[in-house]
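Novice: Pasting a structure here, questions to come.
The values are calculated or read from the model by the stated rules, or taken from the named source; none is laboratory data. This one's a predicted model, so the numbers in the text were calculated from it and none came from an experiment. All Cβ positions, even for glycine, are placed from backbone atoms using ideal geometry, and neighbour counts span all protein chains on display.
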There are 4 protein chains.
Amino acid sequence: MKLLLTGFEPFLDFMINPSAEIAKELDGQQVGNYKIISRILPVDFSEAAHALSRFIDEVNPDAVISLGLAGGRNRITPERIAINCNDGVKDNRGFTPQDQKIAEDGPDGYFSKLPIRKFVQILQENGYPAEISNSAGTYLCNNVMYHLLHKMNMENKDCPAGFVHIPSSHELALTSPNLPSWSQRDLTEAVKLIVTCL
Amino acid sequence: MKLLLTGFEPFLDFMINPSAEIAKELDGQQVGNYKIISRILPVDFSEAAHALSRFIDEVNPDAVISLGLAGGRNRITPERIAINCNDGVKDNRGFTPQDQKIAEDGPDGYFSKLPIRKFVQILQENGYPAEISNSAGTYLCNNVMYHLLHKMNMENKDCPAGFVHIPSSHELALTSPNLPSWSQRDLTEAVKLIVTCL
Amino acid sequence: MKLLLTGFEPFLDFMINPSAEIAKELDGQQVGNYKIISRILPVDFSEAAHALSRFIDEVNPDAVISLGLAGGRNRITPERIAINCNDGVKDNRGFTPQDQKIAEDGPDGYFSKLPIRKFVQILQENGYPAEISNSAGTYLCNNVMYHLLHKMNMENKDCPAGFVHIPSSHELALTSPNLPSWSQRDLTEAVKLIVTCL
Amino acid sequence: MKLLLTGFEPFLDFMINPSAEIAKELDGQQVGNYKIISRILPVDFSEAAHALSRFIDEVNPDAVISLGLAGGRNRITPERIAINCNDGVKDNRGFTPQDQKIAEDGPDGYFSKLPIRKFVQILQENGYPAEISNSAGTYLCNNVMYHLLHKMNMENKDCPAGFVHIPSSHELALTSPNLPSWSQRDLTEAVKLIVTCL
């Protein structure tokens, strides 16, 4: 079976994005029941969802996990819900939405279609701190998660799909004194673990 | 017009609940266009929603604002969305739900029916730090907000209704070194301000 | 008796400095046994200590309390010790020291000569969260505290003298989402309280 | 040359202490110019300094690095100064000092005799977030650091000696949602790096 794994390009002042590093590292690997096929998404409200949609149509995956950086969080946080709202700081094209609907007629929220409780359990059992998050924010991460689940819903697909936030890597934290961080190696190992329980 | 204002009783290790103190202080006052009628909700998953429903039926309000304490937050945070999930630490009866639906056939989320952007603006303009929050958590605050919006939806009512989280009061922070806090006076003044822009 | 109360001018991205606002508000007032005489210090490593020294020589105070902003702290924190080190981000003249001694032959540290435990007790008893801090940092606040105690020591004076950090005011927190804050009124009242127990 | 490396036993609610895990892991290893000899200290105000003193007399080391856990910090923090004060929460024997001098006639503070700036540089260059800390607190870590430097001073020894705080390990963070954490492997590698620059 095929797993589409997405990461994001760098954004704001961050020089790299550890979610993209994980995606690149795991691209082409067989993990558990899945062959991983990785793609990188732009941090651009006008483009990210189109790119995701194209990747899904191109890869035709049996499962989708989108990864994003949550600078400031100290553990792996599978997201419980995406909400129908764009809001936040500037994206990479300088666009700053406020209180906008993502899909004019879409529902207010969509629960994740990933086994997020199992993700947390397998991570904790293997020594990686993890916790379910109840908000993916209203920036690109939530935008991509909402679009992903809305597309699945519109197309009546029922495969595992959702979003997982990761903490900063040590590399990013070197110049940001307030960021908790993990080694890139730990981040990648943690994502491999969650794929094995799909 | 009548505004139903609710606060919660104390919970966990907190000896008082500043949301209840605000409600008691403002009970019976005329603020802007509204006569405030206050009620206190129990921190009990099996009872809070019933109590809220009874209070609404009894008061027949033109607007509903539920208040709750967000220990750890440093500003007033009107909530954007309630989600269909009970999860968290023990309530006051010792019940600890995990990943439970609040309403079996309810939608995954309900957006607030309060003018939350206006709330933030009027607070900031008057010198009170405020920010929209994208998660009311999955504890009693979210539970009450979801029930409130679900009831409005089921009964086809369209009045302003939603939830606002407040930071800890100085009194609670005295014994909790990590809690940001405001004076109770500031908390009450801030809630009065948001009522004036309904 | 005369109390010299100092605050700092604004620095970094902060548009005002609540420590200066307190000093200005209390200047000339009689609080407890002390007539308060306030002065504002520059955020300038080359100038702050000279200014402080001039103010002391000019006022000839019976007690000295220097105030400074600790953006990020959530309560009043009387400082326990000043250390013989300048280090940190740019001051208002663009100077950035690293690991420099303040006084070449001075001791590594000087304990405060203020009754800091009593300060904490009176604040907490009156509902203002407070805690002794064990580090005034290595920026201007520590610099001024070290110079103050070094001067007292060199001149064999034994009057109460030391430093108290205050949290951000609401005004500063309006544009800084991560700053805990108090109202300016609470900050000023808290400083009045500590003067009464000198 | 011999390096005495100390860690602490577990304390408070922590089931393990990653500082002890590092010490045990590196005991007997040759790292850079030093043969590492590790010892574990008790979290006991009445005993820790005696134990440290005995270990120094027994091992007769050419350098001493004491390690301690700073739960809540997100990076390696070599300490700049130890202060002459015991204060804090209960130790493992239930003793809770307040504002006590460690050495009745000792100076208020002692600067570290380790090359702490070089430690930070080598860690950062190798991808491990690090920062000098200006306070080791007033609990056992500071107590041991002060005793170590006081003993060196009293005995006119001039070898490298001081204290380095480490963040929580993933293992501790599994049950403490607010703790930033590193893998034990990262913590141990970071300590090896600092030994190489002695």
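Novice: For C:Ser66, indicate whether it is touching a strand residue (DSSP E or B) at 6+ places or on another chain (Cβ under 7 Å), in contact (Cβ under 8 Å) with a residue 12 or more places away in the chain and surrounded by fewer than 23 Cβ atoms within 10 Å (Cβ to Cβ). First the steps, then the outcome.
Specialist: Numbers: touching a strand residue (DSSP E or B) at 6+ places or on another chain (Cβ under 7 Å): yes; in contact (Cβ under 8 Å) with a residue 12 or more places away in the chain: yes; surrounded by fewer than 23 Cβ atoms within 10 Å (Cβ to Cβ): no.
Spelling it out, it is not the case that C:Ser66 is touching a strand residue (DSSP E or B) at 6+ places or on another chain (Cβ under 7 Å), in contact (Cβ under 8 Å) with a residue 12 or more places away in the chain and surrounded by fewer than 23 Cβ atoms within 10 Å (Cβ to Cβ).
Novice: Search the stretch B:107-119 for residues being surrounded by fewer than 18 Cβ atoms within 10 Å (Cβ to Cβ) and more than 10 Å from chain A (Cβ to nearest Cβ), and hand back the single one that is farthest from B:Leu41 (Cα to Cα).
Specialist: B:Lys118
Novice: Looking at (1) closer than 18 Å to C:Tyr146 by Cβ; (2) in contact with a strand residue (DSSP E or B) (Cβ under 6 Å, 6 or more places away or on another chain), which is the only condition C:Ala23 fails?
Specialist: With (1) closer than 18 Å to C:Tyr146 by Cβ; (2) in contact with a strand residue (DSSP E or B) (Cβ under 6 Å, 6 or more places away or on another chain) applied to C:Ala23, the lone miss is (1).
Novice: Confirm whether B:Ile122 is more than 14 Å from chain A (Cβ to nearest Cβ), touching a helix residue (DSSP H, G or I) at 6+ places or on another chain (Cβ under 8 Å) and part of a helix (DSSP H, G or I).
Specialist: Values: more than 14 Å from chain A (Cβ to nearest Cβ): yes; touching a helix residue (DSSP H, G or I) at 6+ places or on another chain (Cβ under 8 Å): yes; part of a helix (DSSP H, G or I): yes.
Spelling it out, B:Ile122 is indeed more than 14 Å from chain A (Cβ to nearest Cβ), touching a helix residue (DSSP H, G or I) at 6+ places or on another chain (Cβ under 8 Å) and part of a helix (DSSP H, G or I).
Novice: Would you check which residues across the stretch A:125-138 are within 11 Å of chain B (Cβ to nearest Cβ) and out of contact with any strand residue (DSSP E or B) (no Cβ under 8 Å at 6 or more places or on another chain) and list them?
Specialist: Matches in the stretch A:125-138: A:Gly137 only.
Novice: Considering (1) crowded, with 24+ Cβ neighbours inside 10 Å; (2) closer than 17 Å to D:Ser112 by Cα, say which one D:Leu123 fails and leave the rest.
Specialist: (2) is the only condition that D:Leu123 fails.
Novice: Got at least one residue in the stretch A:126-136 being part of a helix (DSSP H, G or I), surrounded by 15 or more Cβ atoms within 10 Å (Cβ to Cβ) and in contact with a helix residue (DSSP H, G or I) (Cβ under 8 Å, 6 or more places away or on another chain)? Before the answer, list the steps.
Specialist: Of the residues in the stretch A:126-136, the ones part of a helix (DSSP H, G or I) are none.
No, that holds for no residue.
Novice: Report the residue count in the stretch B:139-151 for those that are of a type in the set (Ser, Thr, Tyr) and surrounded by fewer than 24 Cβ atoms within 10 Å (Cβ to Cβ). Lay out the reasoning, then the answer.
Specialist: From the stretch B:139-151, those of a type in the set (Ser, Thr, Tyr) are B:139, B:146; that's our starting set.
Then drop every residue that is not surrounded by fewer than 24 Cβ atoms within 10 Å (Cβ to Cβ), which leaves B:139.
Total meeting the criteria: 1.
Novice: If C:Asp186 passes every condition in (1) charged (D, E, K, R); (2) away from chain B (no Cβ under 14 Å); (3) part of a helix (DSSP H, G or I) but one, which one does it miss?
Specialist: (2)
Novice: Report every pair of residues separated by at least 6 positions or lying on different chains whose Cβ atoms are under 8 Å apart, first residue within the stretch B:76-100 and more than 8 Å from chain A (Cβ to nearest Cβ) and on the phi > 0 side of the Ramachandran plot, second surrounded by fewer than 14 Cβ atoms within 10 Å (Cβ to Cβ) and in a loop (DSSP other than H, G, I, E, B).
Specialist: Filtered contacts from the stretch B:76-100: B:Gly88/B:Thr96.
Novice: Continuing with the same structure: I'd like the full set of residues that are over 20 Å from B:Ala161 (Cα atoms) and within 14 Å of another protein chain (Cβ to nearest Cβ), limited to the stretch B:41-75.
Specialist: B:Gly71, B:Gly72, B:Arg73, B:Asn74, B:Arg75
Novice: Condition first: at pLDDT below 95 and touching a Pro at 6+ places or on another chain (Cβ under 9 Å). Now tell me which residues in the stretch D:12-41 satisfy that. Show your work before the answer.
Specialist: Taking the stretch D:12-41 first, the residues at pLDDT below 95 are D:12-16.
Selection gives D:Ile16 alone.
Novice: Here's another thing I want to ask about it. Being surrounded by fewer than 24 Cβ atoms within 10 Å (Cβ to Cβ), closer than 19 Å to D:Val89 by Cβ, in contact with a strand residue (DSSP E or B) (Cβ under 8 Å, 6 or more places away or on another chain) and polar (S, T, N, Q) narrows it down to one residue among D:Ser176, D:Ser168, D:Ser183; which is it? Walk me through how you get there before you give the answer.
Specialist: On the way: D:Ser168 fails: surrounded by fewer than 24 Cβ atoms within 10 Å (Cβ to Cβ); D:Ser183 fails: closer than 19 Å to D:Val89 by Cβ.
None of the others qualify; the one that does is D:Ser176.
Novice: Please work out which residue is nearest to the chain's Cα centre (by Cα), limiting yourself to the stretch D:102-135 and to residues that are hydroxyl-bearing (Ser, Thr, Tyr) and within 19 Å of D:Asp158 (Cα to Cα).
Specialist: Keep residues of the stretch D:102-135 that are hydroxyl-bearing (Ser, Thr, Tyr), which gives D:110, D:112, D:128, D:133, D:135.
If we keep only those that are within 19 Å of D:Asp158 (Cα to Cα) too, we end up with D:110, D:112.
Details: D:Tyr110: 15, D:Ser112: 11 Å.
For the stretch D:102-135, the residue satisfying everything is D:Ser112.
Novice: Please specify each residue of the stretch A:77-100 satisfying the condition of being part of a loop (DSSP other than H, G, I, E, B) and either surrounded by 15 or more Cβ atoms within 10 Å (Cβ to Cβ) or under 17 Å from the mean Cα position of the chain (by Cα) (or both).
Specialist: In the first step, residues of the stretch A:77-100 are kept if they are part of a loop (DSSP other than H, G, I, E, B); the result is A:80, A:84-85, A:87-99.
A:Arg80, A:Asn84, A:Cys85, A:Asp87, A:Gly88, A:Asp91, A:Asn92, A:Pro97, listed by residue number.
Novice: Among the residues of the stretch A:26-63, write down those that are crowded, with 18+ Cβ neighbours inside 10 Å and charged (D, E, K, R).
Specialist: A:Arg39, A:Asp44
Novice: For the stretch C:160-173, how many residues are more than 13 Å from chain B (Cβ to nearest Cβ) and either within 13 Å of C:Leu123 (Cα to Cα) or touching a helix residue (DSSP H, G or I) at 6+ places or on another chain (Cβ under 8 Å) (or both)?
Specialist: As a first pass, look at the stretch C:160-173 and keep what is more than 13 Å from chain B (Cβ to nearest Cβ): C:160-166.
So of that shortlist, the ones also either within 13 Å of C:Leu123 (Cα to Cα) or touching a helix residue (DSSP H, G or I) at 6+ places or on another chain (Cβ under 8 Å) (or both) come out as C:161-166.
Here the count works out to 6.
Novice: What about D:Lys157, is it surrounded by fewer than 18 Cβ atoms within 10 Å (Cβ to Cβ), within 26 Å of C:Lys118 (Cα to Cα) and either over 14 Å from the mean Cα position of the chain (by Cα) or without any contact (Cβ under 8 Å) to a residue 60 or more places away in the chain (or both)? Can you show your working first?
Specialist: Values: surrounded by fewer than 18 Cβ atoms within 10 Å (Cβ to Cβ): yes; within 26 Å of C:Lys118 (Cα to Cα): no; either over 14 Å from the mean Cα position of the chain (by Cα) or without any contact (Cβ under 8 Å) to a residue 60 or more places away in the chain (or both): yes.
Spelling it out, it is not the case that D:Lys157 is surrounded by fewer than 18 Cβ atoms within 10 Å (Cβ to Cβ), within 26 Å of C:Lys118 (Cα to Cα) and either over 14 Å from the mean Cα position of the chain (by Cα) or without any contact (Cβ under 8 Å) to a residue 60 or more places away in the chain (or both).
Novice: Continuing with the same structure: For the stretch B:174-181, indicate whether the set of residues that are more than 8 Å from every other protein chain (Cβ to nearest Cβ) and under 29 Å from B:Lys2 (Cβ atoms) is non-empty. Let's see the steps before the verdict.
Specialist: In the first step, residues of the stretch B:174-181 are kept if they are more than 8 Å from every other protein chain (Cβ to nearest Cβ); the result is B:175-176.
Right, trim to under 29 Å from B:Lys2 (Cβ atoms) and you get none.
For the stretch B:174-181, residues more than 8 Å from every other protein chain (Cβ to nearest Cβ) and under 29 Å from B:Lys2 (Cβ atoms): absent.
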